[in-house]
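Student: One structure, pasted below without further comment.
The values are calculated or read from the model by the stated rules, or taken from the named source; none is laboratory data. Computed from a predicted structure; not experimentally measured. Here the Cβ is made from the backbone with ideal geometry for all residues, glycine too, and neighbour counts use every protein chain on show.
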Amino acid sequence: MAAAEQAAAEEDPRAAPGSQLYRRSLLALFCAGLATFAQMYSPQGVLPELAADFGIAASTSSWAIGATTIGIALGVLPWARVSDHVGRVAAMRSALGAALVVGLLAPFAPNFELLIAARFAEGIALAGLPAIAVTAIAETVQPRALGAAVGTYVAGTTLGGLVGRIVAAGLGEPFGWRWGMAAVAVLAGIATMIFMVRIPRTVVPAGSGLPILRATLANLRRPGVIVLVVQAFLLMGGFVAVYNYLAFRLQDAPFDLSLAQVSWIFLAYLAGAVTSRTVWRVTRVVPPTAVLLGCIALMLGGLGLTLVPQLLAVIVGLVVFTGCFFAAHTVASGLIAGRAGEGRSLAPPLYNLGYYAGSSVLGWVGGVAYGAGGWAGTVAVVAAAAFLAAIVAFGYAKTQGGISATDRS
């Protein structure tokens, strides 16, 4: 069996682990993830200042992020179909190029309404990356390298989210939130240029040829796909709610931190960069659904620690919560293509639709809860979403013969 697998790998034209093409592909997709998520989440680092500047509530200010994630949710399926026709590389280049132009202009919108419109347009453009990236990776690297490759891309998105938040917040306090966000757009531009140069030409479309509606319905008829889309909605929505409103909490008593000081909490994202690269190794020996459920349980534990009115407890809780979220996301996003049937290229975009719809909806609901009950209200919303995600995952596993049988070939 080992000899047969080795012979098949040698005949596979896709990049083998360790090859130059493999390294080049991962560098390009890492930079693409970094550029995408740095721009997407740069307002999160300056939400308190943005809210004060426009004289709006915390929950309203979150639409600076919510508008972008709605744009992404609406754009992922069309971008996936575009990539089937023009190629993954051409589609990703167009998406990042358009997003960069809008991202450089958006911070200088004269009012909140125009800022939201620009951020929505930026989201439509940015949708091209999450819509295509996982499919492009699967078509570029050999199956035995897929877990590590997806983990590298997710690590890039993690670092991008970290850079976007810290740079925007760090520069936002002395120079204003507009210049903080503009600086992030410039850094994203550098990452975009690296992507443009390094992405291999060998990434080719492999679309199903099905009409987009038929391909979408084909995936939605598969319970395994629906379960992962629900997971994405609930877990990402809770994650964004935590990061949207924790800054508001830490600037209030008993913490009384400045915006620049609060920005350092985003270093917790580094935990996600580690777990997204390593969790795939765990799934080699532990059933993926068991890993997913374990990650959710640890997320809840970390979330509970953020209720403790001591900064160290909040930081530890946030690190645990963040690392386990990205581990869960890596596992779930890696499973989606395997659960798809017809219209396979649209399965990852469906996952991302749930992912970003959850970000928009629960990101806002968490703010409403914060306004009504403070941080405890936000925690309650996030905990409820995580519990429901666990119930859905466990319920699906039972229908497949148990946790150990789910997603095992």
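Student: So, restricting to helices (runs of 4 or more DSSP H) that lie completely within the range 39-102, which ones have at least 2 residues that are of a type in the set (Lys, Arg)?
Tutor: none
Student: Just to verify a result, which residue in the range 142-168, among those that are over 16 Å from LEU267 (Cβ atoms), of a type in the set (A, V, I, L, M, F, W, C) and out of contact with any Leu (no Cβ under 8 Å at 6 or more places or on another chain), is surrounded by the most Cβ atoms within 10 Å (Cβ to Cβ)?
Tutor: Residue satisfying both the conditions and the ranking: VAL154.
Student: Let me ask another. In the range 285-310, which residues are over 18 Å from VAL392 (Cα atoms), touching a helix residue (DSSP H, G or I) at 6+ places or on another chain (Cβ under 8 Å) and in contact (Cβ under 8 Å) with a residue 12 or more places away in the chain?
Tutor: GLY301, GLY302, LEU303, GLY304, LEU305, THR306, LEU307
Student: If you scan the range 294-320, which residues turn out to be more than 17 Å from LEU257 (Cα to Cα) and in contact with a Ser or Thr (Cβ under 7 Å, 6 or more places away or on another chain)?
Tutor: Scanning the range 294-320 gives a single hit, GLY317.
Student: Identify, by number, the condition in (1) surrounded by fewer than 24 Cβ atoms within 10 Å (Cβ to Cβ); (2) among the aliphatic types (A, V, I, L, M); (3) farther than 27 Å from ARG144 by Cα that ILE65 doesn't meet.
Tutor: The number of the failed condition is (1).
Student: Under 7 Å by Cβ, and 6 or more places apart or on different chains, what pairs join a residue from the range 368-389 that is within 20 Å of PRO254 (Cβ to Cβ) with one that is among the hydrophobic types (A, V, I, L, M, F, W, C) and assigned to a helix (DSSP H, G or I)?
Tutor: Qualifying pairs under 7 Å: TYR370/ALA58; TYR370/PHE248; GLY371/ALA58; GLY377/ALA369; THR378/ALA241; THR378/ALA369; VAL379/LEU303.
Student: Output the residues belonging to the range 136-177 that are polar (S, T, N, Q), in a helix (DSSP H, G or I) and over 21 Å from MET40 (Cα atoms).
Tutor: If the condition is that a residue be polar (S, T, N, Q), in a helix (DSSP H, G or I) and over 21 Å from MET40 (Cα atoms), then THR140 is the only one that fits.
Student: Specify which of the listed residues (LEU257, LEU213, LEU267) is in a helix (DSSP H, G or I), at pLDDT below 95 and more than 30 Å from ARG81 (Cβ to Cβ).
Tutor: LEU267
Student: Next question. State all residues of the range 287-312 that are at pLDDT below 90 and either in contact with a Phe, Trp or Tyr (Cβ under 9 Å, 6 or more places away or on another chain) or part of a loop (DSSP other than H, G, I, E, B) (or both); if no residue qualifies, say none.
Tutor: PRO287, THR289 - these are the residues of the range 287-312 that are at pLDDT below 90 and either in contact with a Phe, Trp or Tyr (Cβ under 9 Å, 6 or more places away or on another chain) or part of a loop (DSSP other than H, G, I, E, B) (or both).
Student: All but one of (1) at pLDDT 95 or above; (2) over 16 Å from the mean Cα position of the chain (by Cα); (3) within 18 Å of ALA188 (Cα to Cα) hold for ASN111; state the number of the condition that does not hold.
Tutor: Exception for ASN111: condition (3).
Student: Within the range 68-80, can you find the residues that are of a type outside the set (A, V, I, L, M), over 17 Å from GLY358 (Cα atoms) and crowded, with 22+ Cβ neighbours inside 10 Å?
Tutor: Of everything in the range 68-80, just one residue is of a type outside the set (A, V, I, L, M), over 17 Å from GLY358 (Cα atoms) and crowded, with 22+ Cβ neighbours inside 10 Å, namely TRP79.
Student: Return yes or no: is ALA90 out of contact with any Cys (no Cβ under 7 Å at 6 or more places or on another chain), surrounded by fewer than 22 Cβ atoms within 10 Å (Cβ to Cβ) and small (Gly, Ala, Ser)?
Tutor: Yes, satisfied.
Student: Would you say VAL382 is part of a helix (DSSP H, G or I), aliphatic (A, V, I, L, M), modelled with pLDDT of 90 or more and surrounded by fewer than 23 Cβ atoms within 10 Å (Cβ to Cβ)?
Tutor: Spelling it out, it is not the case that VAL382 is part of a helix (DSSP H, G or I), aliphatic (A, V, I, L, M), modelled with pLDDT of 90 or more and surrounded by fewer than 23 Cβ atoms within 10 Å (Cβ to Cβ).
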